[in-house]
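These notes are about the structure you will find just below.
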Amino acid sequence: MEIKIKLFMNLFEKQSSEFVSRHIGPDDTETNEMLATIGVASLDELIDKTVPSGIRLQKKLDIAEPISEFEYLTELKKIANKNKVFKSYIGQGYYDTITPSVILRNLFENPGWYTQYTPYQAEIAQGRLESLLNFQTMVSDLTALPIANASLLDEGTAAAEAMAMLFNHKNKDHDHITAGKFFVDEKIFEQTKEILSTRATPVGIELVFGDYKTTEPDEKYFGAIVQYPNSHGSIEDYRNFIEKVHSVNAQVVMATDLLALTLLTPPGELGADVAIGSSQRFGVPMGFGGPHAAFFSTKEEFKRNIPGRIIGVSIDAQNNRALRMALQTREQHIRREKATSNICTAQALLANMAAMYAVYHGPQGLKEIAERVTLLTQTLAEHLEESGYELANQNYFDTITFKINNREKLTEISQAHEMNFHFSSDDLVTISLDETTTKNDVLDILSVFDSASDIDTSAVTFDNEADLNNIPDSLLRTSDFLQNPVFKKYHSETEMMRYLKTLENKDLSLTQSMIALGSCTMKLNAATELIPVSWAHFSRIHPFAPSSQTEGYDFIIKDLEKLLSTITGFAACSLQPNSGAQGEFAGLMAIRRYHESKNDTHRNVILIPISAHGTNPASAVMAGFKVVVTKCDEQGNIDIEDLKLQAEKNKDSLAGLMVTYPSTHGVFEEGIKEICDIVHENGGLVYMDGANMNAQVGLTAPGFIGADVCHLNLHKTFAIPHGGGGPGMGPICVNEKLAPFLPGKNNEGTVSGAQYGSASILLISYAYIKMLGESGMKKATEYAILNANYMKARLKKYFKILFTGKAGTCAHEFIVDLRPFKNSAGIEAEDVAKRLMDYGFHAPTLSFPVAGTIMIEPTESENKQELDKFCDALISIYEEIKSVENGEADKKDNVLKNSPHTLSVVTADEWNHSYPRSKAAFPLDSIRENKFWPAVSRVNNTYGDRNLICTCEPVESYVEVDA
Ligand SMILES: Cc1ncc(COP(=O)(O)O)c(C=O)c1O
């Protein structure tokens, strides 16, 4: 009897923890084989050898045991139902929208799209590069400014990036600020004002708030920002203002709305220098704040200063058109302390959705949506006026503001009818319509307003043919947009579905093979983690909805804040930053404000080891700090002597240290506690970069080690997919000292438009933690370390492995040195990266943190079979290099130099190479079964940078090709 009960208990436990073995690749047999290859008796032994005993957690994390996928979804449904989906007329940068189902299913919910990495390896990323080029073209056309980037984090941060770009441009040739004032029109969105304030102060920008109509800028100004249409919905003619600003050699940023621009004279034609905004309403759900893609476009003169990623047109080795990330070196390294922006992860997946929305609807479809929205708005405005409400803005697109004296009653009745409006003050209500609004919705709004003022609703007529007299003639758009063929071809669902598939097929994602990118943690993004993001109870919630409607979100957010605090060993957490680098900035601002609170305003030096990721110094500069770079020793560890020297030398001005742990070299440095102590002894605080948290969870923790603040890349350790370059989330966790200085506390330090950043994707990390539980997460960390050490053990016979810990083990990643092959065979790291594509693999991280190397991070989600396939590929490449070294293969005409080999090259009638086609395409027999063909041959980087083209080519160029 007793035995029977035990058996059942075991089965029940298994039911709850089933996800753990779905997430973690190797099974028990594989684990034992791998341990034997490494030469250790157990996983415990490996971990003991790898993680210094002084930083090991002494007890388990206080986190519940795992629950099953089914249980999780059932529980979450209940929580979701606590959110109330009211009709949202709040606007202010967030609008309800219809995601075309063909895009929802084939892009947003498709791992072939969302598990892609940032398109650094252009040859296997032509699909998303094409889509992002469409995004840039769409933004450039609609704003009438020639250069656009491939997305920023949100509208507010895009505004801050624009401000910083203009500030740096104006003051770059001087050693002091010559023009430090930035005018901010009072009718831009409130959240944008807050973000501008956070970004302005540390770098010495003075914000001047006011009414653009009455302001008189002088030579002390470098720029200004206005909103078009503004936060009250009013369409203002800024031409005179722009001229006034230009006359003092300053520039104008226009925050704007893409849908409105289908009808309005675009910013570029009004004379604006930069246009920014959010593309959210192009089919991307509100999601309680995000993720959405912000856009940024500007004039030619700023093309080398534009923040973020730019996709450009270039050629490949066969002279065919090929796309790539332009000015890639500049972006990749973010130019360290000389950086003007720290944007790395952006919002690629959402930019792709918005671009596809434009492709699907085309210029005419978009215009019709805009006309319908504005016609309904006009009808609503006219009837509300008839009912006695006073309209505050005569010219408008989709947003109208009325003077009211019945706020309380209006709120009560509108809530009873499940609709939300925006009250900017007690006597002003703003209503924003969107593409989901119907005639019945307008009737419902009217009846709410009429009831609130005890009026009988008058008969409403909807006149399809009515003149649009809400937009002044002088601001009606006359220029064409989206004339490129791509915006005209895919309007049927069949065509759209095939277009999406064609692009997807060009790109290598996790659906094809492992993506072993060091520092990027391309782990499983499980379907159960992702499914709820599309549920209406999460996706259709406005970030400014009343808290009585967001109880579900509030529950998850509070719980997640607690869970992440527990995991990091800290006291508090902010879920606001939208990327790792944004977390760095927020964390450093917390340090800065802490010192200020102690009257230590002179503490302005941040120490950063030479091995740090480029975003570290870039964020430090943005937060107003001076960066002092410290050395690493030959083993890749922080040179503690040098660190001590610098800390003591800068003792009086030391603000802190930024450190990545385990290090960017993939090692658990033994001296980390001592390093933290040195910084503390000299008055500084320790910022820990959480990019490598995948090697810490459950084994150690930043707070336990001695750091004061860390960020977490939820798009690495906590399973948010990379989406081809975003979304991401970079929450920060802090100790008690820094808790009062988290973003948004006392309305200071805001870094994102929405309080919880891209709230809807927090669900993914929440699911990850709930379904793995304490034991599963710890196991995941151990397997991340096991998988890396197994690969290292297999590869070390062929390649030099740079940097290991005391016992010869690595953390969750390791660096393979390819530099010797340059001398011996003329083969460079890039050749190896490109040749891996012929084997069906994405290259590991290339030349970071050491030039001429690759950094491999397998993650826990890959099983031994996949790890072996990857090792076999690298070993086979090693043999190919040897053939070049010993003269069997030609130094120039070899499989590495000519890689990757496309289908059309391999099947061409002509073949002039010194090796057979089969060797080019199928270097290992196993590849035949599931061959992935790179879409283009090696892309020419220099050509692309010299001839920067970052929109789809003009229509004429297609005509020529056709001819
Ligand atoms: C070590 C390290 N720090 C910071 C970052 C920046 O994170 P994010 O791209 O989310 O801004 C990265 C990104 O890869 C990284 O590897």
Any hit, region 85-106, residues being under 30 Å from Leu867 (Cα atoms) and not in a loop (DSSP other than H, G, I, E, B)
yes
The one condition Ala707 fails out of (1) assigned to a loop (DSSP other than H, G, I, E, B); (2) hydrophobic (A, V, I, L, M, F, W, C); (3) within 25 Å of Gly808 (Cβ to Cβ) is (3)
Residue tally, condition closer than 30 Å to Gln415 by Cβ, within 19 Å of the chain's Cα centre (by Cα) and of a type in the set (Gly, Ala, Ser), over region 505-549
2
Among the residues of region 545-564, is any within 14 Å of the ligand (Cβ to nearest atom), modelled with pLDDT of 95 or more, crowded, with 20+ Cβ neighbours inside 10 Å and under 21 Å from Gly156 (Cβ atoms)?
no
Taking only pairs six or more apart or across chains, which ones have beta-carbon atoms under 7 Å, a first residue in region 551-562 that is farther than 12 Å from Lys78 by Cα, and a second residue that is assigned to a helix (DSSP H, G or I) and modelled with pLDDT of 95 or more?
Asp554/Ser547; Ile557/Leu762; Leu560/Leu762; Leu560/Ser765; Leu560/Tyr766
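Is it true that some residue in region 831-854 is of a type in the set (Gly, Ala, Ser), in contact with a helix residue (DSSP H, G or I) (Cβ under 7 Å, 6 or more places away or on another chain) and under 30 Å from Glu670 (Cβ atoms)? Step through it out loud before you land on a result.
Taking region 831-854 and keeping what is of a type in the set (Gly, Ala, Ser), we get 833, 840, 843, 847, 851-852.
Then keep just the ones that are in contact with a helix residue (DSSP H, G or I) (Cβ under 7 Å, 6 or more places away or on another chain); that gives 840, 843, 847, 852.
Of the ones still in play, those that are also under 30 Å from Glu670 (Cβ atoms) are 847, 852.
Checked against the condition, which is being of a type in the set (Gly, Ala, Ser), in contact with a helix residue (DSSP H, G or I) (Cβ under 7 Å, 6 or more places away or on another chain) and under 30 Å from Glu670 (Cβ atoms), region 831-854 yields at least one hit.
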Elements of type helices (runs of 4 or more DSSP H) in region 579-670, at least 3 residues being more than 14 Å from the ligand (Cβ to nearest atom):
580-597, 640-649
Residue list for region 237-272, filter: among the polar types (S, T, N, Q), more than 19 Å from Leu166 (Cα to Cα) and in contact (Cβ under 8 Å) with a residue 12 or more places away in the chain
Thr262, Thr265
For residues in region 688-715 being in contact with a Leu (Cβ under 7 Å, 6 or more places away or on another chain) and within 11 Å of the ligand (Cβ to nearest atom), which is farthest from Arg56 (Cα to Cα)?
Leu712
I'd like the full set of residues that are part of a helix (DSSP H, G or I) and within 16 Å of the ligand (Cβ to nearest atom), limited to region 716-767.
Ile761, Leu762, Ile764, Ser765
Looking for something of a type outside the set (D, E, K, R), buried (at least 24 other Cβ atoms within 10 Å of the Cβ) and within 30 Å of Ala150 (Cβ to Cβ) - is there at least one such residue anywhere in region 676-687?
yes
In region 767-780, the residues that are surrounded by fewer than 24 Cβ atoms within 10 Å (Cβ to Cβ) and of a type in the set (Ser, Thr, Tyr)
Ser775
Exception for Met622 within (1) at pLDDT 95 or above; (2) crowded, with 18+ Cβ neighbours inside 10 Å; (3) among the hydrophobic types (A, V, I, L, M, F, W, C) falls at (1)
Just to be sure I understand the filter: pairs with C-beta atoms under 9 Å, separated by 6 or more residues or on different chains, first member in region 485-500 and closer than 15 Å to Met353 by Cα and touching a residue at least 40 places away in the same chain (Cβ under 8 Å), second member among the basic types (Lys, Arg) and in a helix (DSSP H, G or I). Which pairs pass?
Tyr490/Arg498; Met497/Arg105; Tyr499/Lys489
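Conditions (1) of a type in the set (Asp, Glu); (2) free of Cβ contacts under 8 Å to residues at least 24 places away in the same chain, marked per residue:
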site: Ala160; (1), (2): no, no
site: Met165; (1), (2): no, no
site: Asn171; (1), (2): no, no
site: His174; (1), (2): no, yes
site: Glu186; (1), (2): yes, no
All conditions in (1) closer than 25 Å to Lys403 by Cα; (2) assigned to a helix (DSSP H, G or I) are true of Glu243 except (1)
Condition first: of a type in the set (Ser, Thr, Tyr) and surrounded by fewer than 24 Cβ atoms within 10 Å (Cβ to Cβ). Now tell me which residues in region 155-178 satisfy that.
Thr178
Checking His842 against (1) closer than 20 Å to Pro662 by Cβ; (2) within 16 Å of the ligand (Cβ to nearest atom), which test does it fail?
(1)
Which of the residues spanning region 821-849 are on the phi > 0 side of the Ramachandran plot and surrounded by fewer than 22 Cβ atoms within 10 Å (Cβ to Cβ)?
Gly826, Ser847
Part of a loop (DSSP other than H, G, I, E, B), touching a Ser or Thr at 6+ places or on another chain (Cβ under 6 Å) and farther than 25 Å from Glu13 by Cβ, is that true of Thr809?
yes
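The values are calculated or read from the model by the stated rules, or taken from the named source; none is laboratory data. A quick note: this is a predicted structure, and the numbers were derived from the prediction, not measured. For neighbour counting, all protein chains shown are included, and Cβ atoms are generated from backbone atoms with ideal geometry for every residue, glycine included.
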